[in-house]
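Values quoted throughout were computed directly from the atomic coordinates according to the rules given, and no laboratory measurement underlies them. These numbers come from a predicted model, not from an experiment. Here the Cβ positions follow ideal geometry from the backbone for every residue, glycine too, while neighbour counts run over all protein chains shown.
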Amino acid sequence: MRDKKDGTVVWKGLVKPGDLRPTATLIPPTSIDVPALLHFVDQYREQLVARVTSVDPILDKLHGQVLSEEQYETVRAEATTPGQMRKLFSFSRSWNQACKDQLYQALKETHPHLIVELWEKKDGKRGALDRISS
């Protein structure tokens, strides 16, 4: 950064790839739709825990790609389906976007009706919010 008057260097910094964010992130917090920033699986965690009926096919799709053998077995060891989903979500806290995308894809393949229903609720809420804010 240089002084406007004489051009002397006032401050220097190293900027690496990924350090800068688009100006869209500078939107005031009051106008940001926080749930929209969350990944689908994070946004609907509660509903997924309560409503997924079969976890094994999901685990099979994630095994070796997202879940280690130990994590796979730990989830399977849970006594109930909601317990298995909670355990799976406990691992997801450290996952990146790509890992969460794989979970979403596995859910979409194994529980398509649930995913469609959640999307419809999401779109319905967004439509209602749009009508409220306009």
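Observations
- Contact order relative to length of region 37-133, as percent, for alpha carbon pairs under 8 angstrom and 6 or more apart: 33
- Two-decimal log10 I(q)/I(0) for region 63-125, as the Debye equation yields it once each C-alpha is a single scatterer, q = 0.12, 0.23, 0.27, 0.28 Å⁻¹: -0.35, -1.08, -1.22, -1.24
- Couplings for region 60-74, taken from phi via the Karplus curve 6.51 cos²θ - 1.76 cosθ + 1.60 with θ = phi - 60°, read 4, 6, 8, 4, x, 9, 10, 9, 6, 4, 5, 5, 4, 5, 5 Hz in order; Gly and Pro are left as x.
- Net charge, F89 excluded, C-beta distance under 12 Å - Lys, Arg +1, Asp, Glu -1: +2
- Taking each residue as 0.36 nm, the span from Q105 to A77 lengthens on full extension beyond its C-alpha to C-alpha distance by 7.8 nm.
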